[in-house]
Amino acid sequence: MEKTVVIPTDFSIASLNIVKSYVSMQPANARLNIILLHGLHQSDSIRSLLFYSKHRMMEELCSKEFKEACYVLKNKFASQIKTMKSDLFSGFTQSAFNQYTEANNIAEVCLPVLYNPKFKNKNSFDLLPYIKASKLPVEMVGSEVDVPMPEKGKVAELFFNRVSVS
Amino acid sequence: MKMRIQIKTTLILLTAFLSIILMFSGFVYLSVSNYSYEDFYKLLEIRAVTTAKVELDQEGGSQEMIALRNEFFEKLPQEKDRYYRISPGESFKNEAEELGVPISFFNEIVKEGKSEYTKNSMFYKGIRYKSKQGEYVVIASAQNYFELHHSAYLRRTLVFAIIAAFAFSALIALYFSRYVFRPLRKITDRVKEISSENLHLRLDNNSNNDEMSDLIGTFNNMLDRIETSFETQNNFVSNASHELRTPLTAIIGEADVTLSKIRTTDEYIETIKVILDEAETLDRKTKALLFLAQTGFNGKTQKFDKLRIDQLLWDVKETIEKINTNSRIHIDMSLLPENPVKLKIKGNEQLLHLALSNIISNACKYSNNNVVNVSIGASDQNVFIIVKDHGIGIPEKELKYIYDPFFRASNTLKYEGYGIGLPLTRNIIRIHNGEILVSSIVSQGTTVQINLPVGKFEE
């Protein structure tokens with residue numbers, strides 16, 4: 001059973017905890033394509049559009065810890081996760097989002113119960129309104145309690161079951 | 001002779017400057033004088049032709065020609081125009097002697113039609129001219145005014161220019177070499193200040209990404225290593241005794257308790273087993289410490305074997321539970337990779353055992369034997385070991401001192417300890433090219449993350 005899932009991310013380790021909880025809820029024979037989606041408005045100046053590179057943008061947004069943590073998850077769920085990639089969504093309209101989900105054959109969206117993303121880039125925007133309006137099935141994971149943790153921002157954050165983005 | 005590199009650079013620069021200037025001015029001088037000679041010969045030829053026309057072709061317009069010549073032709077210094085008739089079978093020997101020119105000059109004019117000759121800045125130009133009366137040799141001679149005035153002026157100018165350029169380039173070369181070597185001098189001065197008493201001093205690296213900052217970075221790195229080994233050397237005795245005490249305490253305690261009354265044979269056997277166990281631990285630690293002391297911190301002479309982190313962790317857990325029976329260690333395998341190859345690293349088992357048991361037993365100690373979570377995970381590059389306790393934590397301001405030998409956080413007064421375990425652990429992790437990250441919130445807990453590079457083994 002193969003399906004593609006969108007999980008909104010702010011490129012923090014905490015957002016990867018959603019992936020962890022979600023995948024561990026799936027049946028053992030599931031084959032998942034996970035897209036970690038980040039909303040980012042493109043600059044409308046001609047110069048920055050001319051030199052725009054998605055790869056470079058991703059390098060800027062993804063920290064080394066984030067990448068390492070992605071690999072930890074991939075290794076852990078090696079048989080369940082077929083692919084896992086991060087992507088940028090830069091559309092302005094609902095139909096752009098619908099088109100994105102259609103083109104990528106998205107079956108489901110996974111959201112944490114406590115959703116409060118923190119964006120590092122000023123052009124980032126919240127995908128929640130688009131997800132809500134898209135009528136895609138939404139899976140909620142995690143709990144509503146938020147405890148302060150010492151290991152914020154480190155790979156260690158991934159190892160403890162706390163699902164919220166804050 | 002020891003020559004300062006700065007002076008050497010100045011000299012090299014100066015030589016380069018000077019040779020370019022000399023070449024340049026030589027070229028200018030030669031080409032200008034060459035051009036002026038040619039120009040002067042042309043001028044003389046025109047004079048000769050005019051003379052021939054005026055003197056030999058005495059036609060109707062010759063009166064005007066003479067007037068024109070006198071009006072517009074500037075008299076050259078010592079200008080003389082002569083003409084001789086060419087009669088066959090007769091040589092110009094006498095004329096040549098009179099003029100002080102070789103006979104070949106006349107012969108060439110007769111044969112080739114024109115010739116040039118120079119003697120003591122007197123220039124001669126001769127042509128063969130065919131007039132109505134017959135053929136003539138016409139010779140115009142004059143002193144070269146360029147040779148007289150211009151060339152001396154040009155030479156003077158060039159010499160002045162060379163001297164000025166030399167002085168100027170000397171200044172530039174001196175300034176340049178100063179400028180280039182200033183950071184080097186700074187580094188030297190700063191390094192001179194660093195001795196074994198103040199090894200904590202570092203060179204400040206404020207320049208941007210150039211070769212100098214590379215050098216400074218390398219220097220600082222070296223100082224880091226020197227400082228580490230210095231500290232370990234200094235504290236080796238304390239380190240060693242700290243590490244050796246734990247099993248010794250266990251041996252003494254066990255023996256004491258057993259000796260307090262007469263026991264059964266089984267009980268003696270049990271006791272001796274425990275003592276043997278602890279003695280073996282002691283032996284292992286002694287070996288590891290000896291290792292540490294002998295090999296220093298270059299990470300090359302260590303014997304590195306293949307080992308699996310999860311097995312090592314179970315061993316560590318067992319050891320700690322033996323020493324401290326109240327400890328509650330929970331090894332969390334929830335992020336264990338499916339492929340066990342990813343958990344294999346290259347390392348020294350005794351040293352890593354020592355490092356991990358240090359971290360985990362500290363976690364137990366400072367959380368009053370609360371549950372300590374130990375998790376393992378692996379990415380493609382690193383193996384992660386995360387030790388998390390819910391203990392007293394470390395005050396944020398003191399976090400940066402935790403690797404200093406004998407440093408103990410202000411909230412650890414009621415706990416026993418010497419402040420040696422963590423620096424030792426960090427040294428061991430460093431030998432393995434790993435990383436140790438400690439984050440903490442006071443009275444919430446501490447998380448220690450250890451990253452060790454995955455050993456790349458071919459399967």
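The values are calculated or read from the model by the stated rules, or taken from the named source; none is laboratory data. Only a predicted model underlies this, so the values are computations on that prediction, with no experimental measurement involved. All Cβ positions, even for glycine, are placed from backbone atoms using ideal geometry, and neighbour counts span all protein chains on display.
Is it the case that residue B:65 is of a type outside the set (Val, Ile, Thr) and either touching a residue at least 24 places away in the same chain (Cβ under 8 Å) or surrounded by 12 or more Cβ atoms within 10 Å (Cβ to Cβ) (or both)?
yes
So how many residues does the stretch B:181-206 have that are in a loop (DSSP other than H, G, I, E, B) and charged (D, E, K, R)?
Residues in the stretch B:181-206 being in a loop (DSSP other than H, G, I, E, B) and charged (D, E, K, R): 2 in total.
Working only within the stretch B:96-106, note down all residues that are closer than 16 Å to residue B:128 by Cβ and free of Cβ contacts under 8 Å to residues at least 12 places away in the same chain.
Within the stretch B:96-106, B:96, B:104 qualify.
Among helices (runs of 4 or more DSSP H) lying entirely in the stretch B:1-103, which contain 2 or more residues that are at pLDDT 85 or above?
Passing ranges, in order: B:5-55.
In the stretch A:76-86, is there at least one residue being assigned to a helix (DSSP H, G or I), at pLDDT 85 or above and under 30 Å from residue B:344 (Cβ atoms)?
Yes, because at least one residue in the stretch A:76-86 is assigned to a helix (DSSP H, G or I), at pLDDT 85 or above and under 30 Å from residue B:344 (Cβ atoms).
Quick one: which of A:113, A:141, A:145, A:155 is out of contact with any Pro (no Cβ under 9 Å at 6 or more places or on another chain) and at pLDDT 80 or above?
Answer to the check: A:113.
Could you check residue B:167 against (1) touching a helix residue (DSSP H, G or I) at 6+ places or on another chain (Cβ under 8 Å); (2) without any contact (Cβ under 8 Å) to a residue 12 or more places away in the chain and say which number it fails?
The number of the failed condition is (1).
Specify the residue that is surrounded by the fewest Cβ atoms within 10 Å (Cβ to Cβ); the eligible residues are those in the stretch B:426-451 that are more than 8 Å from chain A (Cβ to nearest Cβ), farther than 19 Å from residue B:364 by Cα and not acidic (Asp, Glu).
Only one residue fits best here, namely B:433.
So, in the stretch B:107-135, exactly how many residues are touching a residue at least 24 places away in the same chain (Cβ under 8 Å) and at positive phi?
Residues flagged as touching a residue at least 24 places away in the same chain (Cβ under 8 Å) and at positive phi within the stretch B:107-135 amount to 2.
Of all residues being surrounded by fewer than 18 Cβ atoms within 10 Å (Cβ to Cβ) and basic (Lys, Arg) in the stretch B:381-403, which is nearest to residue B:281 (Cα to Cα)? Just the residue, please.
Among residues in the stretch B:381-403 that are surrounded by fewer than 18 Cβ atoms within 10 Å (Cβ to Cβ) and basic (Lys, Arg), the one nearest to residue B:281 (Cα to Cα) is B:400.
From the list B:127, B:109, exactly one residue is part of a helix (DSSP H, G or I), β-branched (Val, Ile, Thr) and either modelled with pLDDT of 80 or more or out of contact with any Phe, Trp or Tyr (no Cβ under 6 Å at 6 or more places or on another chain) (or both). Which is it?
Just one listed residue meets the conditions, B:109.
Would you point out the residue of the stretch B:270-319, among those that are part of a loop (DSSP other than H, G, I, E, B) and at pLDDT below 65, that is farthest from residue B:347 (Cα to Cα)?
B:296
Within the stretch B:341-365, restricting attention to residues that are over 21 Å from residue B:438 (Cβ atoms) and within 14 Å of chain A (Cβ to nearest Cβ), which residue is surrounded by the most Cβ atoms within 10 Å (Cβ to Cβ)?
Taking the candidates together, the pick is B:342.
Which one of the conditions (1) within 14 Å of chain A (Cβ to nearest Cβ); (2) part of a loop (DSSP other than H, G, I, E, B); (3) over 20 Å from residue B:437 (Cα atoms) does residue B:326 fail to meet, given that it meets all the rest?
Going through the list (1) within 14 Å of chain A (Cβ to nearest Cβ); (2) part of a loop (DSSP other than H, G, I, E, B); (3) over 20 Å from residue B:437 (Cα atoms), residue B:326 breaks only (1).
Applying the selection to the stretch B:112-124, what residues are part of a strand (DSSP E or B) and either touching a strand residue (DSSP E or B) at 6+ places or on another chain (Cβ under 8 Å) or surrounded by 14 or more Cβ atoms within 10 Å (Cβ to Cβ) (or both)?
B:114, B:115, B:116, B:117, B:118, B:122, B:123, B:124
Tell me whether the stretch B:381-395 contains one or more residues that are outside any loop (DSSP other than H, G, I, E, B) and either free of Cβ contacts under 8 Å to residues at least 24 places away in the same chain or more than 14 Å from chain A (Cβ to nearest Cβ) (or both).
So far as the stretch B:381-395 goes, no, none of its residues is outside any loop (DSSP other than H, G, I, E, B) and either free of Cβ contacts under 8 Å to residues at least 24 places away in the same chain or more than 14 Å from chain A (Cβ to nearest Cβ) (or both).
I need a count of the residues in the stretch B:183-221 that are among the acidic types (Asp, Glu) and surrounded by 13 or more Cβ atoms within 10 Å (Cβ to Cβ).
Going through the stretch B:183-221 one residue at a time, the tally reaches 0.
I need the full set of residues from the stretch A:62-89 which are in contact (Cβ under 8 Å) with a residue 60 or more places away in the chain and within 7 Å of chain B (Cβ to nearest Cβ), in order please.
Those that are in contact (Cβ under 8 Å) with a residue 60 or more places away in the chain and within 7 Å of chain B (Cβ to nearest Cβ): A:68, A:72.
Just name the residue that is surrounded by the fewest Cβ atoms within 10 Å (Cβ to Cβ) out of those in the stretch B:366-380 that are part of a loop (DSSP other than H, G, I, E, B), more than 7 Å from chain A (Cβ to nearest Cβ) and in contact with an Asp or Glu (Cβ under 8 Å, 6 or more places away or on another chain).
Out of the qualifying residues, it is B:370.
Give the residue, chosen from B:43, B:30, B:68, B:11, that is in contact with a Leu (Cβ under 9 Å, 6 or more places away or on another chain) and on the phi < 0 side of the Ramachandran plot.
B:43
Of the conditions (1) among the acidic types (Asp, Glu); (2) over 14 Å from residue A:6 (Cβ atoms); (3) at pLDDT 90 or above, residue A:102 fails just one. Which one is it?
Against the list (1) among the acidic types (Asp, Glu); (2) over 14 Å from residue A:6 (Cβ atoms); (3) at pLDDT 90 or above, residue A:102 comes up short only on (2).
Yes or no: residue B:139 modelled with pLDDT of 85 or more and surrounded by fewer than 12 Cβ atoms within 10 Å (Cβ to Cβ)?
no
Would you confirm whether any residue within the stretch B:331-340 is more than 14 Å from every other protein chain (Cβ to nearest Cβ), modelled with pLDDT of 85 or more, closer than 25 Å to residue A:72 by Cβ and outside any loop (DSSP other than H, G, I, E, B)?
no
Would you mind telling me which numbered condition in (1) within 12 Å of chain A (Cβ to nearest Cβ); (2) surrounded by fewer than 22 Cβ atoms within 10 Å (Cβ to Cβ); (3) more than 35 Å from the chain's Cα centre (by Cα) residue B:413 fails?
All conditions are met except number (1).
Kindly check whether there is at least one residue in the stretch B:144-165 that is among the hydroxyl-bearing types (Ser, Thr, Tyr), loosely packed, with under 12 Cβ neighbours inside 10 Å and modelled with pLDDT of 85 or more.
Within the stretch B:144-165, one or more residues are among the hydroxyl-bearing types (Ser, Thr, Tyr), loosely packed, with under 12 Cβ neighbours inside 10 Å and modelled with pLDDT of 85 or more.
For residues that are hydrophobic (A, V, I, L, M, F, W, C), outside any helix (DSSP H, G or I) and either under 13 Å from the mean Cα position of the chain (by Cα) or over 18 Å from residue A:12 (Cβ atoms) (or both), tally how many sit in the stretch A:98-118.
5
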